Amino acid sequence: MSFCRPCFAQEKTDGPTDEKARKTYEKAQKSLHEHKAEIALDDFRKADKQDGGHCLDCQRQMIKYGAEFGDWKTAELGAEEMVTEAKGTKDTALAHYEFAIVLMNEGLQKHKEEIFARAHEEIIKALAAHSNFPDALFVDGRVLAQLKRDDEQKPDSRST
């Protein structure tokens, strides 16, 4: 199960700025149009790398298709780069939230406690950046349930 992005920080971007990366990005878009998402995923990853890890559109596609195809390394890379590139508290909170969702979904697929623990850490960072974030609290509850630490999600035991 995946979650959609909360709408409080949806900035518009236009792909990579580097010319070579832009061509690779357009090739990826064409592959998507031709229903070749796995090929597109490789090109989005390549375009992001060519753009120095600054292509937000590429990172979003890396997360989306990486998770869809179980390429967790690519999905995590996209999410990590989003965190690094985030500007401002809301974007930072959103980036950590996106990363937590990637980790939660990976944990659900792989059944590994350490992945859920990392997801919880990302949610804590998201809430530190923007405390009024109900979607993050919900995801944290799901993650803590997977860790069998449900009692930590109760409002009287939370320290945020």
How high is the FRET efficiency between Thr84 and His35 when r is their beta carbon distance and R₀ equals 25 Å, given to the nearest 0.05? 0.20
I'd like to check one number: the per residue accessible area of segment 57-121, probe 1.4 Å, reported in Å² as a whole number. 43 Å²
Dipole size in debye (nearest 20) for the chain around its Cα centre, Lys and Arg Cβ +1, Asp and Glu Cβ -1? 140 debye
Options Ala119, Gly70, Leu32, ranked by Cα towards positive dipole end of the chain, top entry (Cβ charges): Leu32
Size of segment 7-160 along its principal axes in angstrom, Cα-based, largest extent first? 52, 33, 22
Sulfur and carbon atoms: percent of accessible area, the chain [1.4 Å]: 51 percent
For segment 24-141, what's the relative contact order in percent, using C-alpha pairs closer than 8 Å and at least 6 residues apart? 17 percent
With every protein chain left in place, what is the accessible area of Asp14 in Å² (1.4 Å probe, nearest 10)? 100 Å²
Cα-based Rg and Dmax for segment 49-91, where Dmax is the largest Cα-Cα distance (Å): 10.2, 31
The Rg/Rh figure for segment 90-141, Cα atoms and Kirkwood Rh, to two decimals is 0.97
Using only Cα atoms, tell me the angle between helix 134-146 and the longest principal axis of the chain; keep it within 0 to 90° and round to the nearest 10. 70 degrees
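The values are calculated or read from the model by the stated rules, or taken from the named source; none is laboratory data. All values derive from a computational prediction rather than experimental measurement. When we count neighbours, we look across all protein chains shown, and the Cβ atoms used for this are built from the backbone with ideal geometry, even at glycine. For accessibility, only protein heavy atoms count, side chains too; no ligands or nucleic acids. Shrake-Rupley method; radii C 1.70, N 1.55, O 1.52, S 1.80 Å.
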